[in-house]
Amino acid sequence: MAPASVGEMKRPGEPSGEDEGAATAAESIPAGAAADPDVALMLRLQAGDQAAFQDLFQKFSPRVVQYARRLVGSEARAEEVTQDVFVQVFRFRHRYRPESRFSTWLFTIATNLCLNEIRRPERRLRVDLWKPRGDDDRREGPQLADPAAITPEQGASSRELARQLEAAVGELPPKQRAALLLSRVDGLAYRDVAEALGCTEGAVKALLFRATQSLKKTLREYL
């Protein structure tokens, strides 16, 4: 994916009123965040370093595309959402404060845009969570054993389970699906998922419990 188009960006080192705000933010970085290279990149972007934006895009865009694809159910729509995410990262760069991880702030933006996309009435959700990418025939879903080591019946059963799991996740309510993907796929802590979804940690745990129970119920004949 090509980097998002964000318009004309100021050259590194060029002074502005916004740089002063970024400098103030940099001075108030918590000790833990100061060692986070992603926070450092974001603060460089706030100071006008265009290369920092390119570095953030290269590092995080594959994760955002994967998350968006699984949430909105379409590769093409996920690519569009990801472009919009990074446009907003640049546009609202001076609103970022290093109290939390950069990835949490990023996935908050991504989640909001994905949920907005899902709510669009003209959109019909089509889930292809583990669609093979390019020439790579590996799937991103449940890892199957070597086909040569299992019977055709076992292989067919495993593929059917993967298809049913894909469909079941796609049928979850959007917030349950988002919580499940952020927590179980992207590995975010409950507090980070809560920030991304704009709710409490208790609400996240409830969303995950309901999502898990729904999946167990849907897939009980395969488990």
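The values are calculated or read from the model by the stated rules, or taken from the named source; none is laboratory data. The structure presented is a predicted model; accordingly, all values stated were derived computationally and were not measured. Here Cβ is always computed from backbone atoms with ideal geometry, including for glycine, and neighbour counts include all displayed protein chains. With ligands, DNA and RNA removed, areas are computed over all heavy atoms of the protein, side chains included. Shrake-Rupley method; radii C 1.70, N 1.55, O 1.52, S 1.80 Å.
Among the conditions (1) surrounded by 14 or more Cβ atoms within 10 Å (Cβ to Cβ); (2) in contact with a Lys or Arg (Cβ under 9 Å, 6 or more places away or on another chain), LYS175 misses just one, which is (2). Consider segment 178-223 and keep the residues that are β-branched (Val, Ile, Thr) and surrounded by fewer than 20 Cβ atoms within 10 Å (Cβ to Cβ). The one that is farthest from VAL72 (Cα to Cα) is THR200. Looking across segment 96-117, the residues that are open to solvent by 20 Å² or more (accessible area, probe 1.4 Å) and more than 26 Å from GLY170 (Cβ to Cβ) come down to ARG97, GLU99, SER100, ARG101, TRP105.
Could you check, for segment 134-142, whether at least one of its residues is modelled with pLDDT under 50, outside any helix (DSSP H, G or I) and at positive phi? Within segment 134-142, one or more residues are modelled with pLDDT under 50, outside any helix (DSSP H, G or I) and at positive phi.
Which numbered condition in (1) open to solvent by 60 Å² or more (accessible area, probe 1.4 Å); (2) among the basic types (Lys, Arg); (3) over 14 Å from the mean Cα position of the chain (by Cα); (4) farther than 23 Å from VAL169 by Cα is the only one that ARG120 fails? Exception for ARG120: condition (4).
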